[in-house]
Amino acid sequence: MLNFADRREFYQCDGIARRSFLQVGGLALGGMALPQMLQAEATSGIRDSKKSVIMIYLTGGPPHQDMVDLKPHAPAEIRGEFSPISTCLPGIQISEHMPRLARMLDRFVTIRTLVGSNGGHTSFQCVTGRSSGNQPQGGWPGIGSILSKLHGPRHAGVPPAMNLFMKMAHLPYNHPGPGFLGMSHQAFQPEAEGQENLKLETLGVNRLDDRRELLRAFDGFRRQVDRRAEGGRLDPFTEQALNVLTSSQLADALDLEKEDPKIRASYGKDDTKVLSYGHLGYQAIMSKFLLARRLVQAGARSVTATFADFDWHGGNFSNGRKVLPLLDQGLTALIEDLYRHGMQDDVTVVVWGEFGRTPRINKSAGRDHWSRNAFALLAGGGMPVGQVIGSTNAYAEEPADRPVHFQEVFATIYRNLGIDVQQTTVTDLNGRPRYLVDDGYLPLQELM
């Protein structure tokens, strides 16, 4: 790992150390050296696809009745405190606390009838598309690991899968990992406490401000590796590892100081204290939305990120007044940015949580777990946007029509990425080919 030491602490607005983006050795590889990871990726064959996916996981289960499926005519104990507002789509209303989304809902697909939740307080189903029960040996892989296996990296200096999950106190919220595909396809986590598989002599931060000193250090690093190879030619995978560690492409993408200040400001300010328990990892890090765009633009195939927390058994509406406007700003800024850069056809965005919330409000002004219905927002991917799919019954308890399963959404995402779920498989640890979704689940016809 490249270590840059300094006794002082400098933090950006998102709480990340000022130079942590340069700690590109922090891969959380589970003991596997970076050249081995690249060699394993190469065995799958690398394609030239420019398609990618950004997945925003709303931890804890966001309340569909207070966000995209309000029921203003229901009894008070059902409808809650929020009022609906009109959107740019005729006849469609959403929460008053998401006015930016209301103005540009024509760039989204709103699924109001998401079903198939296994009811678990975990990121597993959102990241893998699978139920956590009856898993194959090693476990189901996340979508980023699937893309790493099938497509490999677009650029030698940028890992195909990026993990921007915050470290959360409730462990199942954290990223589920690569499953049976192994650590060679683990998503790169820029802030991870990775193993020191590659080292550079410690440098003081005052020297890092001089680019010539930094380049000189990287040159020295290369010479060290050359000496270890006794002057012989490096194998291509070690060379690729050096590309990741010494190329500026990934470091530049992670350095938000390189972004236009006006664009950066449009995403809003990071709020680590939006919730009273933000110290446990449940924070509104607005810069993650911008970072996701910069990473797919740099060549990442998959970026997964978390946002805040929605497990509001108490204070559903007081918390919602704080969190929903921030989500509204960050998400719409991301979509506007993708259109600004002409990336809307290549990047699929999906926003969702593991389940919905109970129609009836409890005694603590909260909503409890509800696995019979949830929602998802999709954008980009070349899809015919401006649609609302499905409707629920009078109390938003369950679909009245067009239920959409988690795996149908995954099949749609894979289609947008150029992958045929009826033909494509990955091999598990027992040599058995595994389809990417269960039999019978196909891409949504409405989005073809």
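Just order 111-120, 155-164 by mean Cβ neighbour count inside 10 Å, highest at the front, would you?
155-164, 111-120
Shape verdict for the stretch 67-179, please, from the Cα gyration tensor: rounded (a/c under 1.5), prolate (a/b greater than b/c) or oblate. Provide the component values of the computation, followed by the final result.
On the way: a/c = 2.68, a/b = 1.74, b/c = 1.54.
Prolate.
With the calculation restricted to Cα positions, what are the radius of gyration and Dmax of the stretch 326-448 in angstrom?
Expressed in Å, the Cα Rg and Dmax of the stretch 326-448 come to 17.2, 52.
Kindly identify the stretch 375-446 as rounded, prolate or oblate by the Cα gyration tensor criterion: order the square roots of the eigenvalues as a ≥ b ≥ c, call it rounded if a/c is under 1.5, otherwise compare a/b with b/c, prolate if a/b is larger, else oblate.
oblate
Each label point is 7 Å from the Cα along the Cα-to-Cβ direction; what then is the distance between the points at I263 and S83, in nm?
3.7 nm
Based on alpha-carbon centroids, what's the gap between the stretch 274-302 and the stretch 392-421 in Å, whole number please?
One Cα centre to the other: 25 Å.
What ranking do T332, T122, T358 get, fewest neighbouring Cβ atoms within 10 angstrom at the top? Walk me through the numbers on the way to the answer.
Working: T332 24, T122 18, T358 21.
With the sparsest Cβ surroundings first, the list reads T122, T358, T332.
Work out the charge dipole of the stretch 283-386 with +1 on the Cβ of Lys and Arg and -1 on the Cβ of Asp and Glu about the Cα centre, then indicate which of H341, G299, N373 is farthest towards its positive end.
Value: N373.
Highest mean first, how do 88-100, 422-434, 341-353, 285-297 rank when packing is the count of other Cβ atoms within 10 Å averaged over residues?
Ranked from most to least packed, the peptides come out as 285-297, 341-353, 88-100, 422-434.
About the Cα centre of the stretch 105-197, what is the dipole size in debye to 20, counting +1 per Lys and Arg Cβ and -1 per Asp and Glu Cβ, all else neutral? Don't jump to the answer; show the numbers that get you there.
On the way: 6 positive and 4 negative charges, 67 e Å.
Value, rounded to 20: 320 debye.
How many nm separate the modelled label positions at Q137 and T424, each set 7 Å beyond the Cα in the direction of the Cβ?
2.6 nm
Bear in mind that the values in this text are calculations on the coordinates, not laboratory data. What you see is a predicted model, and the numbers here were worked out from it, not measured in a lab. Cβ sites come from the backbone with ideal geometry, for glycine too, and all protein chains shown count toward neighbours.
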